[in-house]
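The values are calculated or read from the model by the stated rules, or taken from the named source; none is laboratory data. Quick caveat: nothing in here was measured; it's all calculated off a predicted structure. Here the Cβ positions follow ideal geometry from the backbone for every residue, glycine too, while neighbour counts run over all protein chains shown.
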Amino acid sequence: MRRLFPIILLMVAGPASLARANFTVSPSQVNFGRVAVGQMAVPQSVFVSSQKNEETRLTVSNWSCTQDFQIWPAGCYSPMPPYGNCIFQVRYRPLRAGFHSCVVQVRDQYGLTSSVMLAGTGEE
């Protein structure tokens with residue numbers, strides 16, 4: 001006689017923070033190295049690419065950044081067309097000596113984010 005064992009299928013829905021954004025941001029970190037106080041480092045480009053066949057509304061925020069870091073232009077155009085791309089620059093001009101860092105967040109209309117870590121050291 002064959003025994004039948006019940007099969008239990010468990011489906012777990014993870015938190016929203018585990019969801020993947022529908023866009024990519026590259027690079028994920030920029031290190032400007034050592035820069036003289038008051039001087040502008042060479043600006044670095046950040047590329048954002050939509051991975052979805054729909055318009056993507058993006059906001060770029062640098063609320064954790066000091067005045068040492070700037071985003072130019074203020075972010076990507078919005079909405080970004082399906083499978084579209086945009087580029088923004090990050091700039092570093094240290095106002096005082098020492099290590100500086102911050103995080104720039106790119107967020108879509110669904111609240112999903114990708115981050116770019118910025119760092120640099122101001123030297124006298």
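Worth pointing out:
- Options Val46, Val106, Val35; residue that is buried (at least 18 other Cβ atoms within 10 Å of the Cβ), farther than 18 Å from Ala21 by Cβ and not basic (Lys, Arg): Val35
- Only one of the numbered conditions (1) part of a loop (DSSP other than H, G, I, E, B); (2) modelled with pLDDT of 85 or more; (3) surrounded by 12 or more Cβ atoms within 10 Å (Cβ to Cβ); (4) on the phi < 0 side of the Ramachandran plot is violated by Phe88, and that is (1).
- The set of residues in the range 101-121 being in contact with a Lys or Arg (Cβ under 6 Å, 6 or more places away or on another chain) and either of a type in the set (A, V, I, L, M) or at pLDDT 95 or above (or both) consists of Thr121 alone.
- Index of the failed condition, Gly111 passing every other in (1) small (Gly, Ala, Ser); (2) part of a loop (DSSP other than H, G, I, E, B); (3) over 17 Å from the mean Cα position of the chain (by Cα): (3)
- In this entry, Gln44 passes the filter for residues that are in contact (Cβ under 8 Å) with a residue 40 or more places away in the chain and among the polar types (S, T, N, Q).
- Some residue of the range 102-113 being within 12 Å of Val25 (Cβ to Cβ) and polar (S, T, N, Q): yes
- Test: residue in the range 55-77 that is of a type in the set (Lys, Arg), under 12 Å from Phe23 (Cβ atoms) and in contact with an Asp or Glu (Cβ under 9 Å, 6 or more places away or on another chain): yes
- Test: residue in the range 66-76 that is small (Gly, Ala, Ser) and at pLDDT 90 or above: no
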